[in-house]
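The values are calculated or read from the model by the stated rules, or taken from the named source; none is laboratory data. Bear in mind the structure is a predicted one, so any value in this text is a computation, not a measurement. Cβ atoms come from the backbone with ideal geometry, glycine included; neighbour counts cover every protein chain shown.
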Amino acid sequence: MKGFQSEKRFFIITSIFTIILLIVSACSNNSSKKPNAASIEDSPISIMLPLHFPTPPSDEMQSMLEEWSGFTLDINWIPDGIYSDKMNTALTTNSLKKVTFVRNTDFLLLKNTIRSGAFWEIGPYLEDYPNLKYLNKDILKQAAVDDRIYGLYTERPSSRQGAIIRQDWLEHLDLAVPRTLDELYEVLHAFTYNDPDGNGKADTIGLADRNDLIYGAFKTVSSYFGTPNNWSIEEGTFIPEFETQAYMETMNFFKKLYNEQLINRDFAVTSKEVQRNMIINGKAGVYIGSMTDIQRLYEEARMIDPNASFTLSNRIKGPNGYRVWSIPNFNGLYLFSKKAIKTEEELKHILAFFDRTMEKDVANLLKYGIEGKHYTLENGQVRLPEETTQLRVQEVNAFYMLMIADMNNPSVMEVAEKETLTAIADQLSQDNENFLVADPAAHLESKTYDERNAELSKIITDATYNYILGNLTKEGFQHETKRWRTNGGNTIIKELSEALKN
């Protein structure tokens with residue numbers, strides 16, 4: 001009996017000990033797994049973004065975004081004027097954030113870096129998310145590299161390009177909104193020499209421009225002259241835009257503006273911020289670029305001159321009627337660094353954040369701000385009071401950059417009554433769809449273009465500026481276009497022409 005009792009006690013003790021070991025082991029396993037899971041969920045998502053405004057948005061907005069979305073963010077805001085340089089520096093020093101916004105124009109130069117494996121391919125994961133799986137397949141295809149999807153796109157109309165003009169200056173000089181290239185020249189001349197602000201001083205110019213031949217004034221005016229959008233096709237062969245007569249006529253137009261001092265003399269080295277300030281401070285009367293910039297220019301100009309007013313012109317007729325260049329329907333892409341994002345699990349976590357931004361509460365927070373502070377709701381529609389415009393500029397508008405696929409997102413609430421100038425800009429952007437000039441090579445691949453376009457484009461950019469500034473003759477400019485061809489341009493033309501046949 002005693003032996004049985006002893007065996008029973010031994011069995012009980014052994015069982016308890018075994019159970020304790022199992023519990024300890026389980027706790028140990030859980031504790032070893034938990035930090036990894038927590039490190040992914042709690043680790044901030046670092047994002048590099050361009051800042052189009054003087055100051056970053058408010059901490060209150062970011063805190064609310066983090067609270068509503070359930071994700072912690074570490075946003076690195078970089079002034080728009082130096083964004084490309086900063087991004088390229090981060091790329092070459094292998095110090096990219098987990099997520100980097102890449103503008104459409106910079107994306108073209110990054111294709112080989114993408115091919116080298118620097119970024120995650122995200123296409124296979126999109127179907128796993130309730131919102132990302134409905135992204136527009138055509139736009140994803142436009143932004144693909146070798147038919148593989150690497151980025152989440154930000155959406156934009158095909159063209160927002162047009163002229164923003166001081167309406168009060170037109171009225172003071174009894175001028176109409178320009179509808180032709182000749183009328184545009186006359187307005188620029190009058191704004192320079194006819195004292196449009198009525199202060200009795202020769203302190204204004206017609207056009208404020210910046211060091212950007214694409215998103216500044218040059219490419220938009222060039223499309224008015226009839227220049228093709230990057231390329232034309234003749235008998236199955238691609239001809240670069242800068243070899244066309246229309247491109248030469250555009251350069252001559254800008255050369256005339258420069259010689260007659262109708263444009264800022266330092267436009268070739270002027271930043272976008274300085275360009276904007278010339279409009280805001282009443283030093284220049286015309287800004288050619290994205291028409292959607294008008295509301296902010298107007299609000300800031302009114303703070304300096306309460307009588308300032310603005311208007312828009314998108315239909316400026318050239319030799320071939322109305323024309324305006326277009327780009328693919330993605331303004332830029334969010335790419336995901338393989339060096340900064342170590343695991344597939346972490347990538348999925350970050351994709352979940354972007355999926356969350358497409359849901360109604362977060363999407364409308366990013367677009368409109370905080371209800372009751374930045375906007376009001378009436379019958380389910382958004383109202384944007386004019387008295388909160390400046391507050392939205394300061395605290396909200398920069399976060400618009402985080403919105404992906406917003407134009408076709410049904411979760412984004414409609415605006416009942418837009419600010420007048422914003423509404424007009426949107427209407428005219430839609431009107432541009434009637435006379436778009438597409439890039440015939442936009443959907444084609446050229447390995448040489450991807451590898452060499454940065455250095456080759458510099459040849460043409462420098463030659464264009466030097467011709468306008470009087471440092472190159474027509475023959476000198478043509479010599480530079482031949483140099484472009486011999487240094488790789490002919491190979492690009494051959495590859496594009498072959499891709500067109502296939």
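Computed values, structure above
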item: Candidates Asn466, Asn432, Asn397, Asn453, filtered to the one that is in the same structural domain as Met251 (by TED's automatic domain parsing) and under 30 Å from Ile316 (Cβ atoms); result: Asn432
item: Residue that is modelled with the lowest pLDDT [pool: residues in segment 197-242 that are acidic (Asp, Glu) and within 24 Å of Arg103 (Cα to Cα)]; result: Asp212
item: Residue check, Thr388 closer than 16 Å to Arg296 by Cβ, without any contact (Cβ under 8 Å) to a residue 60 or more places away in the chain and in contact with a His (Cβ under 6 Å, 6 or more places away or on another chain); result: yes
item: Residue count, segment 318-351 (criterion: closer than 23 Å to Phe218 by Cβ and touching a Leu at 6+ places or on another chain (Cβ under 9 Å)); result: 7
item: Segments classed as strands (runs of 3 or more DSSP E), wholly inside segment 348-446, with at least 1 members that are touching a Lys or Arg at 6+ places or on another chain (Cβ under 9 Å) and either exposed (fewer than 14 other Cβ atoms within 10 Å of the Cβ) or polar (S, T, N, Q) (or both); result: 376-378, 415-417
item: Positions within segment 197-208 being more than 23 Å from Val221 (Cα to Cα) and touching a residue at least 60 places away in the same chain (Cβ under 8 Å), in sequence order; result: Asp197, Asp203
item: Count - residues of segment 176-193 that are part of a loop (DSSP other than H, G, I, E, B) and either surrounded by 19 or more Cβ atoms within 10 Å (Cβ to Cβ) or out of contact with any helix residue (DSSP H, G or I) (no Cβ under 9 Å at 6 or more places or on another chain) (or both); result: 2
item: Residue selected from segment 119-152 under the condition assigned to a loop (DSSP other than H, G, I, E, B) and aliphatic (A, V, I, L, M), by the criterion nearest to Asn229 (Cα to Cα); result: Ala143
item: Count of residues meeting criterion [assigned to a helix (DSSP H, G or I) and under 17 Å from Tyr153 (Cα atoms)] in segment 85-118; result: 8
item: Subset of segment 222-251 (residues that are farther than 20 Å from Ser457 by Cα, more than 25 Å from the chain's Cα centre (by Cα) and outside any loop (DSSP other than H, G, I, E, B)); result: Phe225, Glu234
item: Any hit, segment 185-197, residues being of a type outside the set (Val, Ile, Thr), under 29 Å from the mean Cα position of the chain (by Cα) and within 19 Å of Trp325 (Cα to Cα); result: no
item: Counted residues, segment 271-295 - those being surrounded by 18 or more Cβ atoms within 10 Å (Cβ to Cβ) and in a loop (DSSP other than H, G, I, E, B); result: 1
item: Among (1) closer than 22 Å to Leu49 by Cα; (2) in contact (Cβ under 8 Å) with a residue 24 or more places away in the chain, the one test that Gln161 misses; result: (1)
item: Filter result for the condition that a residue is part of a helix (DSSP H, G or I), modelled with pLDDT of 95 or more and closer than 17 Å to Thr422 by Cα, over Ala301, Ala268; result: Ala301
item: Residue in segment 428-440 that is farther than 18 Å from Phe242 by Cβ and touching a helix residue (DSSP H, G or I) at 6+ places or on another chain (Cβ under 7 Å) present; result: yes
item: Any pair with Cβ under 7 angstrom, 6 or more apart, that starts in segment 81-96 at a residue that is closer than 17 Å to Tyr334 by Cβ and ends at one that is among the acidic types (Asp, Glu); result: Ser84/Asp106; Met87/Asp106
item: Segment 65-84: number of residues that are assigned to a helix (DSSP H, G or I), among the polar types (S, T, N, Q) and surrounded by fewer than 18 Cβ atoms within 10 Å (Cβ to Cβ); result: 1
item: Some residue of segment 149-161 being of a type in the set (A, V, I, L, M, F, W, C), surrounded by 18 or more Cβ atoms within 10 Å (Cβ to Cβ), more than 18 Å from the chain's Cα centre (by Cα) and at pLDDT 95 or above; result: yes
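Let's see how each residue does on (1) farther than 27 Å from Leu297 by Cβ; (2) in contact (Cβ under 8 Å) with a residue 40 or more places away in the chain; (3) of a type outside the set (Gly, Ala, Ser):
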site: Ile404; (1), (2), (3): no, yes, yes
site: Asn408; (1), (2), (3): yes, yes, yes
site: Thr420; (1), (2), (3): no, no, yes
site: Gln430; (1), (2), (3): no, yes, yes
site: Tyr449; (1), (2), (3): yes, yes, yes
site: Leu456; (1), (2), (3): yes, no, yes
